[in-house]
Amino acid sequence: MRWGLILLACFIIGCKDQTSTQVESSTTLALDSSIIESSKPIALVFYSTSCQPCKVLEQNLAHAKLQHLLSSFALYPIDIYAKTPITLPFATPTSAKSLRQNLHIYATPTLMLFDKHHLVAFKHIGILSVDDLALLLTLIPTLPENLQTQESKQQWLNSHLTHARASKGSL
């Protein structure tokens, strides 16, 4: 019997001991069955309506350069102060407060990218440029299979971002 995939969200950010290789607090959230059947990577964008940087990130994500790349992702904007239960992409409705606590969302905007296996690959708080977003959206589907942890995926992606910025002279 197939139990489906479980979205495993373990985050280094927010843990008490960031030097430890084991995360002290981890959370599992079940994904909606329509998402489980899809092999699309997932992008969660946590925002609040009063957040000005959120509006900038929203504009960057709406850029024409990113539309083709975003079409290969399941994109879910999530208002962290929503009064109604949040359903998609999760199997059971959850409150915004519970989601913030479980996923360690402490500020907005927060972008979380999940690989094709629906495991956390990247988490970023703040604005990302259109070029950085384009690079991330290109790299997430091609993550090497030997990168097993969220930390190793995050480091790999950050090294590619740093290299790309240095090549452009934007560091």
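Results for (1) crowded, with 17+ Cβ neighbours inside 10 Å; (2) at pLDDT 95 or above; (3) within 19 Å of Arg165 (Cβ to Cβ), shown as yes or no for each residue.
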position	(1), (2), (3)
Ala91	yes, no, no
Pro109	yes, yes, no
His117	no, no, no
Val120	yes, no, no
Gly126	no, yes, yes
Ser129	no, yes, yes
Leu137	yes, yes, yes
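Looking for something within 15 Å of Leu136 (Cα to Cα), modelled with pLDDT of 90 or more, open to solvent by 20 Å² or more (accessible area, probe 1.4 Å) and within 11 Å of the chain's Cα centre (by Cα) - is there at least one such residue anywhere in the range 59-69? No, there is no match, as no residue in the range 59-69 is within 15 Å of Leu136 (Cα to Cα), modelled with pLDDT of 90 or more, open to solvent by 20 Å² or more (accessible area, probe 1.4 Å) and within 11 Å of the chain's Cα centre (by Cα). It is to be established whether one or more residues within the range 77-85 are in contact (Cβ under 8 Å) with a residue 40 or more places away in the chain and either more than 21 Å from Phe122 (Cα to Cα) or crowded, with 16+ Cβ neighbours inside 10 Å (or both). Taking every residue of the range 77-85 in turn, none turns out to be in contact (Cβ under 8 Å) with a residue 40 or more places away in the chain and either more than 21 Å from Phe122 (Cα to Cα) or crowded, with 16+ Cβ neighbours inside 10 Å (or both). Looking across the range 40-50, the residues that are in contact with a strand residue (DSSP E or B) (Cβ under 9 Å, 6 or more places away or on another chain) and open to solvent by 40 Å² or more (accessible area, probe 1.4 Å) come down to Lys40, Tyr47, Thr49.
Pairs meeting the criteria (first residue in the range 129-143 and more than 21 Å from Gly169 (Cα to Cα), second residue open to solvent by 50 Å² or more (accessible area, probe 1.4 Å) and part of a helix (DSSP H, G or I), beta carbons under 9 Å, at least 6 apart or on different chains) are Leu143/Trp156.
Of everything listed in (1) touching a Pro at 6+ places or on another chain (Cβ under 6 Å); (2) modelled with pLDDT of 95 or more; (3) open to solvent by less than 40 Å² (accessible area, probe 1.4 Å); (4) not aromatic (Phe, Trp, Tyr), the single unmet condition for Pro53 is (3).
The values are calculated or read from the model by the stated rules, or taken from the named source; none is laboratory data. Worth saying up front: this structure is predicted, and the values here are computed from it rather than measured. Here the Cβ is made from the backbone with ideal geometry for all residues, glycine too, and neighbour counts use every protein chain on show. The protein model used for the area step is the full one, side chains on, heavy atoms only, and it has no ligands, DNA or RNA in it. Shrake-Rupley method; radii C 1.70, N 1.55, O 1.52, S 1.80 Å.
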